[in-house]
Every structure is written in structure tokens, then in C-alpha cells.
1. Note the angle between two axes, namely the Cα long axis of helix 145-177 and the longest principal axis of the Cα atoms of the chain, as a number of degrees from 0 to 90, rounded to the nearest 10.
2. For 57, 148, 49, which order do you get if you count the other beta carbons within 10 Å of each Cβ and list the fewest first?
3. Determine the gain in length on full extension of the stretch residue 23-residue 65; use 0.36 nm per residue of separation and subtract their C-alpha separation, reporting nm with one decimal.
4. Hey, with R₀ at 30 Å, roughly what FRET efficiency would residue 40 and residue 114 work out to, going by the Cβ-Cβ distance, to 0.05?
5. Taking Cα atoms, how many degrees apart are the long axis of helix 27-53 and the longest axis of the chain, rounded to 10 and kept between 0 and 90?
6. Return the equivalent ellipsoid semi-axes of the stretch 81-179 as a descending list in whole Å, where each equals the square root of 5 times an eigenvalue of the C-alpha gyration tensor.
7. Kindly provide the helix-only [θ] at 222 nm of the chain, computed as the sum of -39,500 (n - 2.57) over DSSP H runs of four or more divided by all residues, to the nearest 500 deg cm²/dmol?
8. Over 22 Å, how big is the tail of the calculated P(r) for the chain, in percent of all Cα pairs?
């Protein structure tokens, strides 16, 4: 009989995992679904920016407020300092949240507490990175509605990972001290 990763790592059958992902009602599962939804939103926003930064589309509208100049911000040097358009990296990291959030069933805090902790650490890194770009906008005194939306999305994803990460820390504490 062949064993899947699901069976080896989580000790559960793929059918059970599918049922738990689809129908699990735990609070942690609800938070994970929100991470998935917000991450997909982030993929969409960063896809639009990526289309602009790579020349596929030539113009993006701004709110009718004087200090908004999304195009100038998205075409600034910091936006290309990693050797490519920064939105392509942001889109990739937003998409990476999907398999992380969907890994494991309703008991993943007990089965693999490292996964929720990794999700929160990754989300923290993403939020700090987005905050750095937000800081760059303050230095330019120009604002990008798409970049602000992306930064808020990453901050939101980080916040959504915290409840499960706290549960994972409690689980590790319980294991270590038998509480």
C-alpha cells in the first residue's frame, strides 16, 4: 500500500483531510480560510501592479488626490532593486500562503505546530517588507493606492495567522511542561 504525505506527516487519510479542509468548523480553520481569501486578493492586486511594472499595461488610474502618483512609486528605483519588478515577488509570496494555509487538517496545531508558527513568521516578514515599501513612499512624498492596498493586505494576513500561531505555541508549551 502506498502512503501519501498526508498519511506520513499528519497520520490521516487524504479523504479525511479533504473533508476537514472543506467542512472543518474550528476557529483555526476559519482563520486559515481568511488567510487564503486575503492572500488571493493580494495575488490579484500584485498581479495588476506586475502587469504595469513589466510593461504589459501602460497606465493605472489613481484616486483624484494630488499626492497620489502610483505610477511614479511603482517605477521608482526601490521597486526594481531586487533585480526584477517588486510586485512579481510580492505576488509570489502572497501565492505561497495558499499551500501553507491549506496544509493539514483541523488538528494541525497538535499534529504539526511548526506549520502555523512558520506561517506567522513568513507573514511577519512579508508585513515588515511591505512596511519598508510604505516607508519608501513617505520618503518620496508620493502615494500608491495599489501599494498601500498590498501593504494592508500583508499586515492583515499576518494578523490572521496570529491566533493559530498562539495556539501552536501553547501546544508546544503543553508538550514541554505537561500543562
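Readers should treat all values here as calculations from the given coordinates under stated rules, not as data from a laboratory. Since the structure is predicted, the reported quantities are computational estimates derived from the model, not experimental observations. Cβ coordinates were reconstructed from backbone atoms using ideal geometry, including for glycine residues, and neighbour counts include every protein chain displayed.
1. The two axes meet at around 20 degrees.
2. The order, fewest Cβ neighbours first, is 57, 148, 49.
3. 10.7 nm
4. 0.80
5. Orientation of helix 27-53: about 30 degrees from the principal axis.
6. Each semi-axis is √(5λ); the values are 32, 14, 10 Å.
7. Only helices count here, giving -23000 deg cm²/dmol.
8. 51 percent
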